[in-house]
Amino acid sequence: MSDSGKYKGIKVIVAPDSYKGCISSMEVAHWMALGVEDALPGATVIRIPVADGGEGTAGIIGAALGMSKVVCATVDPLGRDIESCYYMNGDLCVADVASAGGIGLLKPEEYSPLVADSYGTGKILRDAFDRGCREIYLGLGGSATVDGGVGLARAFGVRFSDAGGREALRLCDVYSIDFSGMSGFPEDARIRLMADVVSPLTGPRGAAAVFGPQKGASVGDVRVLDSALSRLASLAGGDAQAEGTGAAGGIGFMMKVLAQRAGADAAIVSGAKCVLDLVGFDTVVKGATLVLTGEGHSELQTLLGKIPAEVLSRSLKAGATVALLSGGVDNRAELMAAGFSIIRSIHPPGFNPAESMQPDVTRCHLRQTACSVSLSVVS
């Protein structure tokens with residue numbers, strides 16, 4: 001038998017998340033797969049780039065399901081006109097908060113959590129509803145906002161007022177809410193809000209305290225925002241302590257409030273589980289010898305519902321060996337105890353951190369590490 005068919009019959013699944021700030025999950029999967037093919041000529045290598053609700057989630061699901069891309073006019077977190085997109089097939093829609101409300105749309109000097117709002121995300125959802133979409137999957141990761149979903153609600157005709165009765169456009173100015181003009185939110189909608197966090201809306205684990213500083217909030221801003229979110233919850237009647245309501249700066253909270261008002265069905269779900277279900281991972285992994293997964297940095301948080309942990313759980317049930325290849329790794333012992341057979345940082349020990357964030361370097365090291373790991377498992 002020639003080398004080209006030596007490993008025929010071996011099935012390898014490549015199912016990574018993105019290396020955040022460096023390369024997308026599609027690229028990670030591509031370069032991992034090349035490494036496997038280098039090591040195991042003739043093997044069947046299946047690429048399943050995945051995500052947990054953050055930027056790019058809609059594109060991954062859309063590609064996996066052969067959905068149509070829809071481009072629509074909307075605004076960014078600071079109200080500037082942009083074009084964004086979502087994916088649809090019949091009455092099914094998948095969209096990302098990050099496509100109109102993402103922090104990646106702003107320069108660091110533009111981060112402004114007291115001002116940035118979610119109106120653009122509301123425009124995307126309204127467009128999808130207007131086109132007949134009724135089953136909605138919305139990725140909540142990567143947002144630039146901590147507005148409790150006030151902007152999003154305004155896109156559906158909800159009116160917010162300040163203490164003097166004038167229209168309020170920002171969370172911190174909201175002292176009353178009028179839902180009487182709400183429109184465009186269908187009662188037969190079924191909405192799944194894909195999150196990778198379980199933070200409530202308010203308090204020390206809430207949207208402002210945990211994620212506000214990442215979006216530019218000072219210590220004082222966090223206090224102001226948390227107080228305003230508490231007031232919003234009291235006015236809107238939602239549960240500010242429910243898990244996941246703090247996702248996307250409170251969009252998770254407001255979407256549940258609006259759905260309840262409209263008589264629709266909305267639930268906050270694990271982004272990792274939802275995406276793996278939608279792309280049919282459990283079916284594809286059957287019969288696999290090896291599964292490679294990874295992310296930009298793995299640590300204890302990885303085990304709390306992140307993509308590699310969910311891939312691990314499902315792959316072990318299928319009897320596959322699972323290797324974790326990430327840009328950086330901490331808490332190796334705990335990760336090994338969870339069930340990973342191999343854990344590797346793709347970069348050599350002591351490698352320059354700045355260089356490790358360069359896409360070309362990451363691609364090269366991904367391929368080399370995937371090759372080495374595949375040989376160690378299968379040979």
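The values are calculated or read from the model by the stated rules, or taken from the named source; none is laboratory data. All of these numbers come straight from a predicted model, not from anything done at the bench. Note: ideal-geometry Cβ built from the backbone for every residue, glycine included; neighbour counts use all protein chains shown. Ligands, DNA and RNA are stripped out before the accessible areas are found, and what is left, the full protein with its side chains, is counted by its heavy atoms. Shrake-Rupley method; radii C 1.70, N 1.55, O 1.52, S 1.80 Å.
Of note:
- Selection of segment 96-128 for residues being among the small types (Gly, Ala, Ser), touching a helix residue (DSSP H, G or I) at 6+ places or on another chain (Cβ under 9 Å) and either in a helix (DSSP H, G or I) or at pLDDT below 95 (or both) yields 98, 99, 100, 101, 104, 120, 122.
- Looking across segment 313-323, the residues that are over 14 Å from residue 298 (Cα atoms) and either open to solvent by 40 Å² or more (accessible area, probe 1.4 Å) or not in a helix (DSSP H, G or I) (or both) come down to 313, 316, 317, 318, 319, 320, 321, 322.
- Considering 54, 42, 62, the condition of being part of a loop (DSSP other than H, G, I, E, B), touching a residue at least 12 places away in the same chain (Cβ under 8 Å) and more than 19 Å from residue 328 (Cβ to Cβ) is satisfied by 42 alone.
- Verdict on residue 333 being more than 18 Å from residue 25 (Cα to Cα) and aliphatic (A, V, I, L, M): yes
- The one condition from (1) free of Cβ contacts under 8 Å to residues at least 60 places away in the same chain; (2) within 19 Å of residue 33 (Cβ to Cβ); (3) open to solvent by less than 10 Å² (accessible area, probe 1.4 Å) that residue 298 does not meet is (2).
- The number of residues in segment 187-202 being open to solvent by 20 Å² or more (accessible area, probe 1.4 Å), assigned to a loop (DSSP other than H, G, I, E, B) and modelled with pLDDT of 95 or more comes to 2.
- Residue in segment 53-68 that is crowded, with 22+ Cβ neighbours inside 10 Å, farther than 22 Å from residue 290 by Cβ, among the hydroxyl-bearing types (Ser, Thr, Tyr) and in contact with a strand residue (DSSP E or B) (Cβ under 8 Å, 6 or more places away or on another chain) present: yes
- Exactly one residue among 354, 333, 337, 272 is open to solvent by 60 Å² or more (accessible area, probe 1.4 Å), at pLDDT below 95 and outside any loop (DSSP other than H, G, I, E, B), and that residue is 354.
- Any hit, segment 158-178, residues being among the charged types (D, E, K, R) and out of contact with any Ser or Thr (no Cβ under 9 Å at 6 or more places or on another chain): yes
- Top-ranked residue of segment 203-213 - restricted to ones that are in contact (Cβ under 8 Å) with a residue 24 or more places away in the chain and not in a loop (DSSP other than H, G, I, E, B), ranked as most open to solvent (accessible area, probe 1.4 Å): 210
- Pick from segment 275-290, criterion touching a residue at least 60 places away in the same chain (Cβ under 8 Å) and part of a helix (DSSP H, G or I), ranking: surrounded by the fewest Cβ atoms within 10 Å (Cβ to Cβ): 284
- Output for segment 69-90, where each listed residue is surrounded by 19 or more Cβ atoms within 10 Å (Cβ to Cβ), more than 17 Å from residue 134 (Cα to Cα) and of a type in the set (A, V, I, L, M): 75
- Residue list for segment 131-147, restricted to those being at pLDDT 95 or above and surrounded by 22 or more Cβ atoms within 10 Å (Cβ to Cβ): 133, 136, 137, 138, 139, 140, 143, 144, 145, 146, 147
- Residues satisfying the stated conditions in segment 153-186, i.e. open to solvent by 60 Å² or more (accessible area, probe 1.4 Å) and in a loop (DSSP other than H, G, I, E, B): 163, 166, 169, 170, 175, 180
- The set of residues in segment 252-263 being open to solvent by less than 20 Å² (accessible area, probe 1.4 Å) and either assigned to a strand (DSSP E or B) or touching a strand residue (DSSP E or B) at 6+ places or on another chain (Cβ under 7 Å) (or both) consists of 252, 255, 259.
- Scope segment 109-130; condition touching a residue at least 40 places away in the same chain (Cβ under 8 Å), open to solvent by 30 Å² or more (accessible area, probe 1.4 Å) and out of contact with any strand residue (DSSP E or B) (no Cβ under 7 Å at 6 or more places or on another chain); matching residues: 111, 112, 114, 115, 126, 130
- Residue identified as over 21 Å from residue 97 (Cα atoms) and either hydrophobic (A, V, I, L, M, F, W, C) or open to solvent by less than 60 Å² (accessible area, probe 1.4 Å) (or both) among 229, 225, 235: 235
- The requirement of being modelled with pLDDT of 95 or more and under 23 Å from the mean Cα position of the chain (by Cα) is satisfied by residue 249.
- Sole exception among (1) open to solvent by 10 Å² or more (accessible area, probe 1.4 Å); (2) more than 30 Å from residue 324 (Cβ to Cβ) for residue 310, by number: (2)
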